[in-house]
Structures are given as C-alpha cells and as structure tokens.
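For reference, the structure discussed in these notes is given below.
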Amino acid sequence: MARNRGRARKEQPVATPPPNLRTLAVLGLLLACIAGPVGFVVSLVALIRSRRAGEKNTVALVGMIVGLATTAAFVAGVIYFQAVFAGQTGVCAELGPGDHDGAFGTFTCPEN
C-alpha cells in the first residue's frame, strides 16, 4: 500500500450490467390479461428495450399477442352485445307497439 502513496489512481470504467427487462415484460403480460391495450403497450415497450439491449424477450412477445387477443375479444363482445340490444328494436318493428316477452324478460315497444 505504501507504493501507491502520492500517485493518482486510475479510475477503471465499471461495466454496467444489461438492464433486467423481465420485470417489465412480466408486468406487460399480466396487464395484457386484465387490460388488453395497456398490456400490449407495456409489452411493446419491454420488447423494444430488450431488442436495443441485444436480449431476446419471449415474455414480452407473448404479452403483445395476449394483449391483442384480449383487445379483440373485448371489441367483439361490445359489437355482439350492441347487436343483441339492437335486435330488440328490430323485434319491435315486427311485433308492433306494446309489452312483449323476450329472451331477456319483458320489454316495451314504443308507439311510432
């Protein structure tokens, strides 16, 4: 230790470890199961960051696929239920005004 007295120490560069993006990818996958568009975006960010870091991130890719599937299922459900309720008004055109028994209970058709 006495030898280094008075000499300036050379700072050696510290290698930074690659970022651990698995946490972000897993978060994206979990969010994709619950809220499709949010999970898709988080998984996309994780995939882009991992590609820039030179890593392969399969979990992020799966999160993107699940996010798209969840979003598509939600949109299809909204369209389906809208068609079902619009079908009730189509029934009113056929049956006419008054109270009628339907698959979802009794409904009233207004007079034109």
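Once the other residues with Cβ under 12 Å from the Cβ of Phe107 are scored (Lys, Arg +1; Asp, Glu -1), what is the net sum?
Summing Lys/Arg as +1 and Asp/Glu as -1 gives -2.
Per-residue HN-Hα couplings for the stretch 29-36, Karplus 6.51 cos²θ - 1.76 cosθ + 1.60 at θ = phi - 60°, whole Hz, x for Gly and Pro?
For the stretch 29-36, the Karplus-derived couplings read 5, 5, 5, 5, 6, 9, 10, x Hz, x marking Gly and Pro.
Throughout, read-outs are computed from the coordinates displayed, never taken from laboratory work. Computed from a prediction, not measured in an experiment: that's the story for all the values here. Heads up, the Cβs are rebuilt from the backbone with ideal geometry, glycines too, and the neighbour counts pull from every protein chain shown.
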